[in-house]
There are 2 protein chains.
Amino acid sequence: MTLDETDRAILRALAQNADQSTSRLGQKLGLSQPATWRRIKRLQEAGVIAGRRLMLDSASLGFGVTVFLGVKLATKGRVSLEDFERAIGAIPEVQTVEHVLGLYDYRVRVIARDLADFERVLRRRIMTLPGVGDVEANVLLSEERLSGPLEQ
Amino acid sequence: MTLDETDRAILRALAQNADQSTSRLGQKLGLSQPATWRRIKRLQEAGVIAGRRLMLDSASLGFGVTVFLGVKLATKGRVSLEDFERAIGAIPEVQTVEHVLGLYDYRVRVIARDLADFERVLRRRIMTLPGVGDVEANVLLSEERLSGPLEQ
DNA sequence: CTTGAAAAGAACTGCCT
DNA sequence: AGGCAGTTCTTTTCAAG
């Protein structure tokens, strides 16, 4: 799909604030409300805008610890990949499972109430999964999300 | 803040679909439209709902490659941390910068048009940053985001 | 908590340039 | 592609039980 400068300006504005009305957005860009709305709808139908996701504050819900795991599988048959994905996806504390190429096979984002709670999840639920080999852990200190080149 | 079962049901529903109206959501939960609206507003004011974020499809915008970097700094003074964060945050291809505790100091999510483009970013922009030591890379194959325990 | 109503605003449609 | 006008839906506030 081809994006002109106006489309990029719309994506840039919506990336900063996804909760603004089409009329307000149009005013900023010197566009009418229906024109703005039609462009957004076109971007949605083209799949460029995949949707809007709710951002939950894990800390205010009592989950103070976020840990990134690098997981290497011991046995990597096709079956074991799917078994592992199904099993780790069933753990409530697991937020994202990323299948990756490199030193590790999977990157997993886990949240827990505190470090003691995380140790429980790691020992009782993750280390016992089928096919798990080496596991590396990184505790999140701070995180910054940037606009990226997508809207530029 | 204290959440009852209805609050959790609202979070669960909105996590699945952030674009549904308060009246439709209320119907599912057996709640009136104003009651649903008041609960959502209360969750927003309490900071539990941090906002809504636009999801952009990087592939449809020509960015077919996502790479996770683990970065170890060579020198870790307070100044060098801030210098590094400022410098890597200024690279357009960098989407998230996470300061972590463990084998690496930072986890960085980078997108690029293809692997050749990623190599350019890695060699020209990232490896040349101040204080960068070891760098480990994992190429994303597939990704799954789960609802997690936040809404349960 | 509920229902009902009313006002404001946002989204959507059709027509025209 | 864009604007204008009108319709429909949602959000928001209010009154009352």
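The values are calculated or read from the model by the stated rules, or taken from the named source; none is laboratory data. In this text the structure is predicted, and so the values were computed from the model without any measurement. We place every Cβ from the backbone using ideal geometry, glycine too, and count neighbours over all the protein chains shown.
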Within segment B:11-57, work out how many residues are assigned to a helix (DSSP H, G or I) and within 16 Å of DNA strand C (Cβ to nearest atom).
-> 23
Evaluate segment A:85-106: report whether one residue or more is surrounded by 15 or more Cβ atoms within 10 Å (Cβ to Cβ) and within 16 Å of DNA strand C (Cβ to nearest atom).
-> no
Tally the residues that are among the hydroxyl-bearing types (Ser, Thr, Tyr) and in contact with a Phe, Trp or Tyr (Cβ under 9 Å, 6 or more places away or on another chain), restricting the search to segment B:1-55.
-> 2
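To keep it simple, each residue is scored yes or no on (1) of a type outside the set (Val, Ile, Thr); (2) in contact with a Pro (Cβ under 9 Å, 6 or more places away or on another chain).
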{"residue": "B:Glu5", "(1), (2)": "yes, no"}
{"residue": "B:Ala15", "(1), (2)": "yes, no"}
{"residue": "B:Thr22", "(1), (2)": "no, yes"}
{"residue": "B:Gln27", "(1), (2)": "yes, no"}
{"residue": "B:Pro34", "(1), (2)": "yes, no"}
{"residue": "B:Arg38", "(1), (2)": "yes, no"}
{"residue": "B:Gly51", "(1), (2)": "yes, no"}
{"residue": "B:Gly62", "(1), (2)": "yes, no"}
{"residue": "B:Thr66", "(1), (2)": "no, no"}
Just one of B:Ser60, B:Ser80 is assigned to a helix (DSSP H, G or I), more than 8 Å from chain A (Cβ to nearest Cβ) and either touching a Lys or Arg at 6+ places or on another chain (Cβ under 7 Å) or at pLDDT below 95 (or both); which is it?
-> B:Ser80
Spot the failing condition for A:Asp19; the list is (1) within 16 Å of DNA strand D (Cβ to nearest atom); (2) in contact (Cβ under 8 Å) with a residue 12 or more places away in the chain; (3) closer than 30 Å to B:Ala46 by Cβ; (4) facing chain B (nearest Cβ under 9 Å), and only one is missed.
-> (2)
With respect to B:Asp57, is the statement that it is near DNA strand D (Cβ under 10 Å from one of its atoms), closer than 27 Å to A:Glu151 by Cα and either crowded, with 19+ Cβ neighbours inside 10 Å or not β-branched (Val, Ile, Thr) (or both) true?
-> no
Specify the residue that is surrounded by the most Cβ atoms within 10 Å (Cβ to Cβ); the eligible residues are those in segment A:25-54 that are under 18 Å from B:Arg53 (Cβ atoms) and of a type outside the set (A, V, I, L, M, F, W, C).
-> A:Arg53
